[in-house]
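Report on the structure given below.
Every read-out reported here was derived from the displayed coordinates using simple, explicitly stated rules and does not represent laboratory data. Quantities reported herein were computed from a predicted structural model and do not represent experimental measurements. Every residue, glycine as well, gets a Cβ built from its backbone with ideal geometry; the counts of neighbours run over all protein chains shown.
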Amino acid sequence: MKTILVIEDQAQMRKNLVTILSMEGYSVLEAPDGAAGLELATDEKPDLIVCDVSMPGLDGHGVLKSVRADRTIAGTPFIFLTAKGEKQDLRVGMNLGADDYLIKPVEAEDLLAAVEARFAREQARHRPFELDFSSSAPLESLGLSTREAEVLLWVAQGKSNPEIGALLDMAAGTVKVHLRHIFEKLGADNRHALAMRALEFLAGTR
């Protein structure tokens, strides 16, 4: 079971995030501020951290700096939570080494998609060989349309829905429709399982 640490100073927001992740089967740790969150990260070494940017005391940027400086947790995937309009915070966070960001208030679907994308990317990164992502054509053998295969190829590389939409020049809603069809055709329960199915298939076609 994957462990996720949620660091968020707004109690209701933190409760919502913890509930969503727990219902999806993740083990969830929670902290009400940056200092407590950093202590939990150091002691528990979670598989992923979801952290608000703007917090009193040690803010999200400070937490990320400390995490990246600690060799025992430096590689932990890190997702920032930021309010609309905080573009400067977003740029700073990504430059510090954040893996992704989500705009608050966060929809359950977007949160889970981002989390599953990070885990899929981490697993792909640790595979003992390089896969060929130059073409989505092989994935059409799974019974997918050309467009569905293109979407799945990017899912397998850990891309989020907004990223896939930008890469394929399609609306986020269209990405979700394609994903729904892919889930139905491949019988996958979640995004991580979908990515692993694609990676295993691509490995088998080498």
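Assorted remarks:
- Only residues that are assigned to a loop (DSSP other than H, G, I, E, B) and of a type outside the set (Gly, Ala, Ser) were counted across the range 52-84, and they come to 12.
- Across the range 20-35, the qualifying residues are those that are within 17 Å of the chain's Cα centre (by Cα) and assigned to a helix (DSSP H, G or I), and the one among them that is farthest from residue 61 (Cα to Cα) is 23.
- Residue in the range 153-170 that is among the acidic types (Asp, Glu), over 21 Å from residue 122 (Cα atoms) and not in a helix (DSSP H, G or I) present: yes
- The number of residues in the range 26-54 that are closer than 16 Å to residue 102 by Cα and either surrounded by 21 or more Cβ atoms within 10 Å (Cβ to Cβ) or among the hydrophobic types (A, V, I, L, M, F, W, C) (or both) comes to 6.
- Screening the range 138-181 for residues that are at positive phi and more than 20 Å from the chain's Cα centre (by Cα) and picking the one that is surrounded by the fewest Cβ atoms within 10 Å (Cβ to Cβ) gives 169.
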